[in-house]
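Step one of this worksheet: look at the structure below.
The numbers here are math on the coordinates, done by the rules we state, and not lab data. Predicted, not measured: the structure shown is a model, and the values here were computed from it. Positions of Cβ are generated from backbone atoms using ideal geometry, with glycine treated the same way; all protein chains shown enter the neighbour counts.
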Amino acid sequence: MQENWKTSDRMAALDPHISIITLNVNGLSSPIKRHRVAGWIKEQDPTICCLQETHLSAKDKHRLRVKGWKTILQANNEHKKAGVAILISDKVDFKAKQVKRDKEGQFMMIKGALHQEDITLINIYTTNTGLPKYVKQLLTKLKGDINNTIMIVGDLNTPLTPMDRSSRQKVNKEIIELNEKLDQMDLIDIYRTLHPKTAGYTFFSSAHGTFSRIDHILGNKTSLNKFKRVEIISSIFSDH
């Protein structure tokens, strides 16, 4: 996605005291970039921050540090590709019970208790190849872990509806099948559910001159009342 750039990201608030933010950082190899990302996280002050495309290897994972977010869980690729991370604020009582890491660094799942309430969080980065098919296969693979406490966040690299594209291009067969899979698993796109008529975008393609929303927060239908607000926020230093 080198030819593309992005200026926005998204935050979802579960209640007035818990917030989750997701951001594709497009690489954290540069110390200056890590410093800027850390400053941005401190400014946004989320309870949980999910990053994609960290491009850190296992031996470099110690380089990702943010004061106030001591708990940092990562899934890294040995070739410094992909990479996801979940940062949890020191302000909350979080206890991890289970962690699943993808060896390619494309997803990570954590199960735990946040303020003594169960939470399951999956952070996904989908590369330019496979796209909807990969997400569908991953959901099938993790089906046993997906329950009413689930939140799936990250860069799916896929607009889920025509409304998620400035061109209003119709979704293809693979995206239709992915949406059917989400429906079968009682998963909903939180942003689109709360903003059914809003054309909000998280990514700009300079090659095509189009905007799209390819970063998502998905949740269980039964938990919709827990999401008080979802918004797209500015991030000028990131790919998306």
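Tabulated data for the structure shown
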read-out	value
Enumeration of residues in region 140-189 that are farther than 22 Å from Glu53 by Cα, charged (D, E, K, R) and without any contact (Cβ under 8 Å) to a residue 40 or more places away in the chain	Arg168, Lys170, Lys173, Glu180, Asp183, Asp186
Residues of region 217-235 that turn out to be among the β-branched types (Val, Ile, Thr) and crowded, with 17+ Cβ neighbours inside 10 Å, as a count	3
Residue among Glu174, Glu180 that alone is over 21 Å from Ile122 (Cα atoms) and assigned to a helix (DSSP H, G or I)	Glu174
Top-ranked residue in region 181-216 [being among the charged types (D, E, K, R) and over 19 Å from Arg229 (Cα atoms); ranked as surrounded by the most Cβ atoms within 10 Å (Cβ to Cβ)]	Lys181
Residues located in region 32-47, provided they are in contact (Cβ under 8 Å) with a residue 24 or more places away in the chain and out of contact with any His (no Cβ under 8 Å at 6 or more places or on another chain)	Lys33, Arg34, Arg36, Val37, Ala38, Trp40, Ile41, Lys42, Gln44, Asp45, Pro46
Conditions (1) among the β-branched types (Val, Ile, Thr); (2) more than 16 Å from the chain's Cα centre (by Cα); (3) under 20 Å from Val153 (Cα atoms); (4) not in a loop (DSSP other than H, G, I, E, B): number failed by Val92	(4)
Given (1) in contact with a Ser or Thr (Cβ under 7 Å, 6 or more places away or on another chain); (2) surrounded by 21 or more Cβ atoms within 10 Å (Cβ to Cβ); (3) closer than 27 Å to Lys143 by Cα, index of the condition Trp69 fails	(3)
Selection count, region 128-156, where residues are hydroxyl-bearing (Ser, Thr, Tyr), outside any helix (DSSP H, G or I) and over 30 Å from Gln116 (Cβ atoms)	1
